[in-house]
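So the structure is just underneath, and the comments pick up after that.
The values are calculated or read from the model by the stated rules, or taken from the named source; none is laboratory data. The model shown is predicted, which means the values in this text are computed figures rather than measured ones. All Cβ positions, even for glycine, are placed from backbone atoms using ideal geometry, and neighbour counts span all protein chains on display.
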């Protein structure tokens, strides 16, 4: 097993403290004390507590991209790819759902406008990686429409997931599927959207000497 980096240890410790208390109650001096390092040792990796939030969400981005790299991914239909990348992103956060919810609530704190600005950039960055992972190749003007729609679907699903106590987030998966279905129907209703470029499903790779399964 690979040894955790100091950066990862700081993130994990902050999350563990958030589970015991709340994200709002986590203090960086407590994180340092738990790890037996100085505050400057924390600052060497994170300029402020909010940077730990970004690192936590970066893990979700990474988990999503790793899932999209699996051999069976491109055999999914475009809608199925979007469903899978969003659920993979949420699944990465699932072990610390309550702190994740609290992190988002803190971003709306009125006294910290820069948190809200950075939050918007964070959303935009994740949506772009979702599009890349799902092989969405639309160009303007359809790219702008697709980005806006995907952002709405992603955020609505994220907020729904925050309160979803179902096993394996099954209710969230159903909710997301419904949203993607509506978005798909909306796209088909707009002239020209049917011809939006994008990679279609590809056959899943088969082992040597065996035939690929026919499309469902």
- Message: I want to confirm something. Restricting to the range 188-202 and keeping residues that are modelled with pLDDT under 50 and either under 21 Å from the mean Cα position of the chain (by Cα) or assigned to a loop (DSSP other than H, G, I, E, B) (or both), which single residue is surrounded by the fewest Cβ atoms within 10 Å (Cβ to Cβ)?
- Response: 197
- Look through 121, 76 and report the one residue that is within 16 Å of the chain's Cα centre (by Cα) and within 18 Å of residue 150 (Cα to Cα). 121
- Message: Checking the conditions here, which among 63, 16 is surrounded by 13 or more Cβ atoms within 10 Å (Cβ to Cβ), within 24 Å of the chain's Cα centre (by Cα) and assigned by TED's automatic domain parsing to the domain that holds residue 121?
- Response: 63
- Note on the structure: Expected single match for in a helix (DSSP H, G or I) and buried (at least 17 other Cβ atoms within 10 Å of the Cβ) among 116, 102, 128 is 102
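Let's see how each residue does on (1) at pLDDT 95 or above; (2) within 25 Å of residue 65 (Cβ to Cβ):
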{"site": "116", "(1), (2)": "no, no"}
{"site": "129", "(1), (2)": "yes, yes"}
{"site": "150", "(1), (2)": "yes, yes"}
{"site": "169", "(1), (2)": "yes, yes"}
{"site": "182", "(1), (2)": "yes, no"}
{"site": "186", "(1), (2)": "no, no"}
{"site": "204", "(1), (2)": "no, yes"}
- Does residue 43 qualify as being surrounded by fewer than 14 Cβ atoms within 10 Å (Cβ to Cβ) and within 29 Å of residue 130 (Cα to Cα)? no
- Those residues that are without any contact (Cβ under 8 Å) to a residue 40 or more places away in the chain and over 30 Å from residue 72 (Cβ atoms), I need them from the range 113-141; list them, please. 113, 114, 116, 117, 119, 120, 121, 140, 141
